[in-house]
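Contents: one structure, followed by commentary.
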Amino acid sequence: MVNFKFIFLKYIKKIFHVINKRIKFDDKGKGNSIEWGKNFYYDKIFVTFNGNNNHITIGNNCRFMQTNHLYVQGDGNIIEIGNNVSFDQNVGVLAADGTKVTIGDGCMFAEGVRIRTSDQHPIYDCDSNMVVNASKDVKIGNNVWLGAYVIINKGVTIKNDCVVGIGSIVTKDVDSNCIAVGIPARIIKNNIY
């Protein structure tokens, strides 16, 4: 007699892994991996791999409070989170279409921060049929503080020792040692750390 309950549970575990009941790992591909360093504290994390050969690395002494999301779509994406990084609740990081998100050491992300390397839906030029909104890497330097509900768009680099104010949408690079605020974000103060 076939044990359908066993077969069903085995199938579900392949699709949706639960690690320590606080990390939900949804792997819809092959060759995907996640690793984290020492003293990693987390309440609840949803990790979704929707593609193949993707990798997530979380450094030492990181703290992810409440529920946070790491989402990878497509093949060959990388999310690298440095040491001593803290996420408040409902932080979302998306890497798609072979891109990379790099987050430096000592960063603090407040509630609702979103980091995206992609629009997730292509837009085509009518004449050339070329994609006009290609995905691009995001790089966040060391000691960057992102206020609540900040959105970091594709292609942005935020250099070291910056603060981005609440509700800002960052569409262009931000230089080191400054404060940026607004929609779109603009630098309002330099020479800070």
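For E35, the test of being at pLDDT 95 or above and assigned to a strand (DSSP E or B) is failed. For A134, the conditions (1) touching a residue at least 12 places away in the same chain (Cβ under 8 Å); (2) open to solvent by 40 Å² or more (accessible area, probe 1.4 Å); (3) more than 21 Å from G51 (Cα to Cα) are fulfilled apart from (3). Picking from residues in the range 22-56 that are hydrophobic (A, V, I, L, M, F, W, C) and farther than 15 Å from N90 by Cα, the one that is surrounded by the most Cβ atoms within 10 Å (Cβ to Cβ) is F49. Only a single item in (1) out of contact with any Phe, Trp or Tyr (no Cβ under 9 Å at 6 or more places or on another chain); (2) open to solvent by less than 60 Å² (accessible area, probe 1.4 Å) is not met by G59, and it is number (1).
Look at (1) closer than 20 Å to K100 by Cα; (2) touching a strand residue (DSSP E or B) at 6+ places or on another chain (Cβ under 8 Å); (3) modelled with pLDDT of 95 or more and you find that V131 fails only one, number (3).
Residues that are without any contact (Cβ under 8 Å) to a residue 40 or more places away in the chain, open to solvent by less than 60 Å² (accessible area, probe 1.4 Å), in a strand (DSSP E or B) and in contact with a Gly (Cβ under 9 Å, 6 or more places away or on another chain) within the range 62-77 comprise N68, L70, listed in sequence order. The number of residues in the range 104-125 that are out of contact with any Leu (no Cβ under 8 Å at 6 or more places or on another chain) and either within 15 Å of G147 (Cα to Cα) or open to solvent by 60 Å² or more (accessible area, probe 1.4 Å) (or both) comes to 9. Here the condition is being closer than 19 Å to G92 by Cβ, open to solvent by 30 Å² or more (accessible area, probe 1.4 Å) and either of a type in the set (D, E) or under 18 Å from the mean Cα position of the chain (by Cα) (or both); of K159, K154, it holds for K154 alone.
The values are calculated or read from the model by the stated rules, or taken from the named source; none is laboratory data. These numbers come from a predicted model, not from an experiment. Note: ideal-geometry Cβ built from the backbone for every residue, glycine included; neighbour counts use all protein chains shown. Accessible surface is based on the protein model in full, side chains and every heavy atom, while ligands, DNA and RNA are left aside. Shrake-Rupley method; radii C 1.70, N 1.55, O 1.52, S 1.80 Å.
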